[in-house]
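Following: one structure in structure tokens, then a few remarks.
What follows is calculated from the coordinates using simple rules that are stated; it is not laboratory data. All figures in this text were calculated on a predicted structure; none of them were measured in a lab. Here the Cβ positions follow ideal geometry from the backbone for every residue, glycine too, while neighbour counts run over all protein chains shown.
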Amino acid sequence: NDSYQLTAETNPLGHTTTHTWDRYDHTLTTTSPLGHTTRYEYDERGDLTSLTRPDGLRTEWEYNELGLPTTVRQPDGAVWRQTYDDAGNRTTLLDPTNQATRYTYHHHGGFASIETGDGAVTRVTCAPTGLPVSLVDPLGGVTGCVRDAFGRVVEITDAAGGVSRISRAVEGWPLQQVDQLGNQQYWVWDAEGKCLSHTDENGGVTRNEYGPFDLLTGRVDSGGARYVFHRDTELRVVAIVNPRNDVWRYTYDPAGRLVREEDFDGHSIDYRLDPAGQLVERRNALGQTVTYAYDELGLISEKQVDGIKSTFRHDAQGRLIYSANPDAELVIARDALGRVTRESVNGRSLVQEYDPVGRPLRMSTPGGRVANWSYDLLGRPLALDSAGESMAFEYDHVGHEVGRRLGADFGLTQQWDSAGRLIEQQLSAGERPLHKRAFSYRADHFLTSIDNGVEGSVAIELDAIGRVTAMTGPARTEQYSYDVMGNLVRSERATGEAPEELTYQGTKVHRAGRYRYSYDAAGRTVRRQRVRLSRKPDSWQYEWDAEDRLVRTISADGTLWRYRYDPLGRRIAKVRLNEEGAVAEEILFVWSGTVLTEQASTMGPGQGSTLTWFYQGTRPLAQIASGGEVAVEALPSQQETDQHFFAVVTDLVGTPTELVTAGGEIVWQNQSSLWGLPQRSLDSETVPLRFPGQYADRETGWHYNYHRHYDPDTARYTTPDPTGLSPAPNHYAYVHNPHSWCDPLGLAPHPPDNPSSTPPSRPQPTGEAFPDRPLPRDRHGNPQPDVPFPHTQLGRRTGRRDSYPQAREFDGDGNPVRDIDFTDHNRPANHENPHQHDYQPNPTGGTPQRGPAVPLEWPS
């Protein structure tokens, strides 16, 4: 307009977003290409006082004389309140449940303490600059740091006295890091701040290659595998070439939106978007479609999978409260903070209660199992009570779990090194040792040996990437070979059988020893055959829906199984049908979020059983069994109670290794190969849990892994990754080392979820100014290069003063985490080039608020 205020923006497809303004450059309305309008109101000082959404609901703000928000009223009526001192520092935050968080400050404005609603106080000591230099946790543990003249952290001392150091270039780029054990890693940078190479603790070197505009054009990992990135004139990645010269292609519409991708094997997926950029249809190579409809706020209101409809309803804060499809009705109840208090699927309810700071206190399952938790002031579990038993936990100063007790007899003790790695695990019954394991590691933290009482000492050989090539011990011999893509091409186990050779067509395995595999046009396994010398092959047949969910299996003996899912994609039932098509066996599943919590099995009148699991993160701690699920015939208490409480002992990543009674008896033990094949017959009905997030299905021979199915015979998934190349360069492969990495959702490999231990901090720069944590990482833990990730948005931004390049990072829920602006906005005094804006939690629970500009810091 005449005031140079942007009033309309039309993209190359003709879709227009419009704005209106007041004379003070305040936005009054924004209308999307779909006609949805958001309205803004301000007070006389220009502070935003209300935001009216397209659905008519409002968020309102009140301010004090300093212009700081004191009250926020959410669309659902919940109210947040804040108080401040005379300097404008927030002193109290009162949430909608009237729980208060209190803050105090040093005289120079730096944080002095934070007190949460449970009375836990964290104290902070700051340097004269206001930057923190030490932190005392609520239990007295002290973490300290040393900063250089620029205020950057160069040394950290943890609560146990372990010291890690980092040296930096003048610009702040990390050059060397030394961990608590003295292991070193290095980075090399060019004059423009691009990371040219990274050398890990074992000497492996990853190299980055750059082209015009300083954009990444290639990456060579420490094993020699090279990936090449091609871009169009708009600098968008249009092709990725893998080490075998297979090409993954991306196609964009004139507005720059991704509309088609074609994987390394030529399987395509087409996307159709509405004028607002929302995905409205996804079509695979078979023509199967998933369509989406949205409400005025852009939340999914309807989804159709090949014509099968799911509906979704949200509360005033945009949180899911109801969803239904032909197989399931999901009803979710929440408290004032949005925490799930009841989750019902087809009338079967999981109920949770929370303490003042949001930790689960009590959970009850549809099967009648109840768990009660208690915590210390650091939020670590102290006790789990259920089924008449109590499990207690102990921790060291750093937070590693060092002891666990169940009843009067069973005990688990653990030892950790200064780098946070588990080095010993011992099970005992009273004073009697039951089982002991000792672990050794390579400098880059990959496991090199396991010494245990069952198999003796097992030596583990690794390649440069960290893949296991051999495991050798008195009772165990395994050997593995891989191609340049990381695909398993040969495996040999001491089973009396010949070595298994695996052959591929493109990236899909077609032969694995005696097994043959067939795929549909979307790259999904539809037939698996096991060759027999004396008779026709055993054959399994699989059927998938448009969302790559397994819906039907015919096993080798001709048995038919069907699978049902709720609207969130969680498997809620599997059913075995008899020859007449009637239900012969049914297993129902209960979830807490994305974690499998309970199964109930029935095989006819009076023939039922239940398994319930309680976790810390994704690591199972306890299993409660009733009915015939567990081989309890040797237990004298079998006739005394219908519930049997077992401690679950897990390995480094969280895979169950033993099931132990309160009396100290090991009733189940997992003896599997590296990739999860049983070394001997394993009763999957006793403990069906496998690698984190996996459930063993005897009828398929696979492990259900939420979004995909894992085949332990090939160390691969049976369908391609639905998120493409974002998580990993091989879209079929499981993690490259299952001793050190896991994939609980079947989507993306990452280090194990170990709440009691924080791995040593490692700066992971790529030279592309990408914040570290939410980004997908490579096998060394380094962020992947700038391929089109769902968590990062690159492009130019137009501000009131200039146009500039920006990298914006998002979390998994789509909320912004950090902006990195490559400009000084013509205000170099308070906006260095580049600088970053960290997003702060929004008291309303809505979109985080963009914070002030601060100098760019590489994550550590």
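Just a few scattered comments:
- In terms of its C-alpha gyration tensor, the chain comes out rounded, because the ratio a/c of the largest to the smallest axis stays below 1.5.
- FRET efficiency estimate (nearest 0.05) - Cβ-Cβ, Ala494 to Val205, R0 51 angstrom: 0.90
- For segment 188-235, alpha-carbon Rg and Dmax in angstrom: 11.9, 39
- Backbone phi angles across segment 580-595, fed through the Karplus curve with coefficients 6.51, -1.76 and 1.60 (θ = phi - 60°), yield HN-Hα couplings of 8, x, 8, 6, 9, 7, 9, 10, 9, 10, 10, 10, 10, x, 9, 10 Hz in residue order; Gly and Pro are listed as x.
- The order of Val468, Val575, Val170, Val238, going from fewest to most other C-beta atoms within 10 Å of their C-beta, is Val170, Val575, Val238, Val468.
- Potential lengthening between Asp190 and Asn1 on full extension [0.36 nm per residue; Cα-Cα distance subtracted]: 63.6 nm
- Taking 0.36 nm per residue of sequence separation and removing the Cα-Cα distance, the Asp118/Asp557 pair yields an extension gain of 152.3 nm.
- Estimated from the Cβ-Cβ distance and a Förster radius of 51 angstrom, the FRET efficiency linking Ile423 and Arg530 is about 0.80.
- Relative contact order computed over the chain (Cα-Cα under 8 Å; 6+ residues apart), in percent: 6 percent
- From phi via Karplus (6.51, -1.76, 1.60), per-residue ³J(HN,Hα) for segment 271-279 in Hz, x at Gly/Pro: 10, 10, 10, 8, x, 8, x, 7, 5
- Using a cutoff of 8 angstrom between alpha carbon atoms and counting only pairs six or more residues apart, the relative contact order for segment 327-717 works out to 8 percent.
- Under 19 Å of direct C-alpha separation, and excluding same-chain neighbours fewer than eight residues apart, Lys536 reaches no lysines at all.
- Normalised by 2.2 N^0.38 Å, where N counts its residues, the alpha-carbon radius of gyration of segment 394-553 equals 1.43.
- Straight-distance candidates among the aspartates and glutamates for linking to Lys194, with alpha-carbon spacing under 12 Å and chain neighbours fewer than 8 residues away dropped: Glu171, Glu209, Asp214, Glu768.
- Approximate spin-label separation Asn578-Ala470, in nm, with each point projected 7 Å along Cα-to-Cβ: 5.4 nm
- Anisotropy class of segment 1-63 from Cα gyration tensor, a/c 1.5 cut: oblate
- Cα gyration tensor shape of segment 327-717, rounded if a/c is under 1.5, else prolate or oblate by comparing a/b with b/c: oblate
- With each label modelled as a point 7 angstrom along the Cα→C-beta vector, the Asp295-Gln278 pair spans 1.1 nm.
- Qualifying trypsin sites (Lys or Arg not before Pro) in segment 38-91, where qualification requires a DSSP coil assignment and no more than 12 other C-beta atoms within 10 Å, comprise Arg45.
- Estimated FRET transfer efficiency when R0 is 22 angstrom, pair Asp483-Val241 (beta carbons, to 0.05): 0.85
- Most simply put, the chain has about 100% antiparallel DSSP beta bridges, counting only bridges with both residues inside it.
- Length gained on full extension, Ser167 to Gln99: 20.3 nm, using 0.36 nm per residue less the C-alpha separation.
- Rounded to the nearest whole Hz, the Karplus-based 3J(HN,Hα) values (6.51 cos²θ - 1.76 cosθ + 1.60, θ = phi - 60°) of segment 439-444 follow the sequence 10, 10, 9, 7, 4, 8, with x at glycine and proline.
- Equivalent ellipsoid dimensions for segment 285-326 as semi-axes, Å, which come from the Cα gyration tensor, largest first: 23, 12, 6
- Annotation: the residues Tyr732, Tyr504, Tyr42, sorted from fewest to most other C-beta atoms within 10 Å of their own C-beta, follow the order Tyr42, Tyr504, Tyr732.
- Put simply, the amide H of Asp444, placed in the peptide plane, has neighbours under 5 Å in Asn202, leaving out anything fewer than 5 places away on its chain.
- The Cα center of segment 246-302 and the Cα center of segment 88-159 differ in position by 45 Å.
- Taking all Cα pairs closer than 8 Å and separated by 6 or more residues, the relative contact order of segment 311-390 comes to 13 percent.
- Extending 7 Å from Cα along the Cβ direction at Thr143 and again at Thr129 yields two label points whose distance is 2.0 nm.
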